[in-house]
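The values are calculated or read from the model by the stated rules, or taken from the named source; none is laboratory data. Not measured: the values here are computed from a predicted model. Here the Cβ positions follow ideal geometry from the backbone for every residue, glycine too, while neighbour counts run over all protein chains shown. Only protein heavy atoms, including side chains, enter the accessible area calculation; ligands, DNA and RNA are left aside. Shrake-Rupley method; radii C 1.70, N 1.55, O 1.52, S 1.80 Å.
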Amino acid sequence: MPNIKQQKKRVRTAAEERLENLRFRSTAKTLARRLRAAVDEGDEARVSEEHKKLVSWLDRAAARGAIHKNTAARRKSQADRLASGPRA
């Protein structure tokens, strides 16, 4: 346990940031799950809406550092392939 005031603050700040990053990662997983469900149901309007939400959320998470930018790019690419449907 830190004795120095600044280190106590850093511990507190790190805990808050950890929770915030967890929220970003968890929501991204939820949005990906919803996109997959929409694709399975075959609802094109819902697929495009869920895809737009997911891409926006991934961009936001990467911008604030909750996930790495390459991870966000990879997940967006996977979502694009999922949303565009099977290739012939």
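Descriptive notes on the structure:
- The residues of the stretch 17-35 that are surrounded by 15 or more Cβ atoms within 10 Å (Cβ to Cβ) and under 15 Å from residue 80 (Cα atoms), listed by number, are 28, 31, 32, 34, 35.
- Qualifying position, being without any contact (Cβ under 8 Å) to a residue 40 or more places away in the chain and open to solvent by less than 70 Å² (accessible area, probe 1.4 Å), among 73, 79: 73
For every residue, the table says whether it meets (1) in contact (Cβ under 8 Å) with a residue 60 or more places away in the chain; (2) within 16 Å of residue 77 (Cα to Cα); (3) touching a Phe, Trp or Tyr at 6+ places or on another chain (Cβ under 6 Å); (4) among the hydroxyl-bearing types (Ser, Thr, Tyr).
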residue: 18; (1), (2), (3), (4): no, no, no, no
residue: 22; (1), (2), (3), (4): no, no, no, no
residue: 25; (1), (2), (3), (4): no, no, no, no
residue: 28; (1), (2), (3), (4): no, yes, yes, no
residue: 37; (1), (2), (3), (4): no, no, no, no
residue: 46; (1), (2), (3), (4): no, no, no, no
residue: 50; (1), (2), (3), (4): no, yes, no, no
residue: 61; (1), (2), (3), (4): no, yes, yes, no
residue: 65; (1), (2), (3), (4): no, no, no, no
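- Residues in the stretch 36-70 that are in a helix (DSSP H, G or I) and open to solvent by 80 Å² or more (accessible area, probe 1.4 Å): 36, 40, 41, 44, 49, 52, 53, 60, 63, 64, 69, 70.
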